[in-house]
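Written below as structure tokens is the structure these notes are about.
None of the figures in this text is laboratory data; all of them are computed from the coordinates on show. Being a predicted model, the structure only gives us computed values, none of them experimental. Neighbour counts run over all protein chains shown; Cβ positions are idealised from the backbone, glycine included.
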Amino acid sequence: GADATRWYMMANANPWDNLKFDTAGIIEVRNKLFGTMYNTYNFFALYANLDGFKMDEQNVLPYDKRTELDRWVISKLYSLVADYRAAMDDYDVTRACRAIEDFVDEHLSNWYVRLSRRRFWKGEMGEDKLAAYQTLFECLLVTSQLMASVAPYFSDWLYRNLTAPIKDVAKAKNTPLRHDSVHLTDLTQPDPSKVDKDLEKRMDYAQRICSLALSIRKKEKLRVRLPLQKILLPVLDEAFIAEVDGVKDLILSEINVKQLEYVTDASGLLKKSAKPNYKTLGAKCGKDMKHVAIIIEYWDDAHLTKLERNGHYPITLNGRPYDILLEDVILKTEDVPGWKSASDGAITVALDVNLTPELLAEGTARDLVNRIQNIRKDKDFNVTDRVTVTLEKHAAILDAVEKFRDYIKAEVLATDLVLADKVDGEKVELEDDVTVGIEVSVN
């Protein structure tokens with residue numbers, strides 16, 4: 001539609017630059033930005049309708065009573081507001097649009113909503129669930145305002161749907177959400193009191209560490225539902241340990257690993273090497289570039305560890321000082337048997353990829369939960385329906401069912417989990433070409 005076309009043209013190039021128009025780009029914008037916002041709103045609306053949640057503008061939970069994840073996304077939201085206002089004040093619509101895209105895709109949808117799903121699934125409307133609703137509502141509302149100048153139709157649709165259940169009350173009490181259109185509201189102002197850069201830094205570490213660990217899983221074809229035993233993080237400094245400790249549980253949950261350990265000396269697990277980045281060294285070192293490159297290639301673990309921790313490494317060549325930055329070096333790591341590693345700048349992770357019978361059984365249990373949840377969805381069960389699950393006896397699942405019966409029942413809201421020789425239900429495929437019958441019925 002018009003909004004997707006307008007957004008594509010504004011976000012891909014400044015208005016004064018040439019744009020190589022491509023309809024595939026419009027489709028990408030429609031799916032990645034508008035589709036993500038649409039799905040995020042639908043997720044919110046589904047559970048808000050089930051719980052009867054209505055935003056109460058005059059009874060908002062204080063931020064200090066919300067989870068760290070809530071406070072983080074609010075901080076990112078108001079950092080976005082500040083960046084958006086600065087970009088628009090400079091007439092830089094392209095930068096403003098890209099900032100919104102990054103927030104919606106990287107932070108709101110792929111991180112906050114995904115990690116908060118279980119809070120919306122809870123049966124009771126406690127303080128934690130209320131905080132999740134109010135936080136997501138605020139993110140959607142403010143984002144609709146920020147999108148309004150470039151996507152006027154979609155942003156107004158989103159605003160109207162968010163505020164429709166409380167419109168009469170808002171008008172009666174003359175609160176900010178009384179307006180019938182997002183274009184009549186006052187644009188949200190930057191609020192430094194809601195921005196916590198230290199928290200944003202901690203969560204940035206979590207996102208980068210998780211991204212590295214998940215990239216290893218993908219490369220080694222280890223599905224996320226299969227738990228692993230340990231992840232090791234080479235220590236950058238003491239502050240790094242304190243910051244990662246603040247998001248340790250979140251990291252372990254996201255990458256499905258049992259333990260996180262710090263190591264001050266990773267030489268027994270990782271063999272580091274470096275190659276010069278000629279693109280940056282050329283401008284910096286001029287005629288000395290080749291000699292500087294040779295020095296970098298001969299650096300050992302001690303040199304590279306110091307570079308990673310400090311972000312730079314000073315050298316002197318022919319009486320001329322050069323400060324070698326991380327961006328001037330391409331770091332590589334070689335794995336030892338049983339471990340796989342990956343790096344992002346100064347951050348390196350090493351993942352234990354050895355699989356024990358216990359880990360394999362838990363992975364199978366998680367696979368069963370996934371397949372049962374898919375059957376619930378296909379049968380259009382309500383998310384709160386209690387069910388009985390019957391599984392076909394198969395050697396590949398017996399250990400998992402025996403050890404993780406309670407976990408499976410809790411995850412799929414099953415009051416009973418039965419093993420039978422023959423099952424008339426769905427035939428589903430697990431890993432390693434294993435097919436089992438599963439029957440799910442509402443109690």
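Some values worked out for this structure:
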{"read-out": "Cβ charges +1 (Lys, Arg) and -1 (Asp, Glu), total dipole of the chain, debye", "value": "500"}
{"read-out": "Neighbour-count order for TRP339, TRP72, TRP16, fewest beta carbons within 10 angstrom listed first", "value": "TRP16, TRP339, TRP72"}
{"read-out": "Sequence ranges 349-362, 82-95, ranked by mean other-Cβ count within 10 angstrom, highest first", "value": "349-362, 82-95"}
{"read-out": "Total charge dipole magnitude, region 270-334, about the Cα centre, Cβ charges on Lys, Arg, Asp, Glu only, Debye to nearest 20", "value": "140"}
{"read-out": "Value at 222 nm in deg cm²/dmol, rounded to 500, when DSSP H runs of n ≥ 4 in the chain each add -39,500 (n - 2.57)", "value": "-16000 deg cm²/dmol"}
{"read-out": "Among LEU46, THR264, PHE381 the positive-end extreme of the charge dipole of the chain (Cβ point charges)", "value": "LEU46"}
{"read-out": "Centre separation in Å (Cα based) which lies between region 369-392 and region 151-186", "value": "37"}
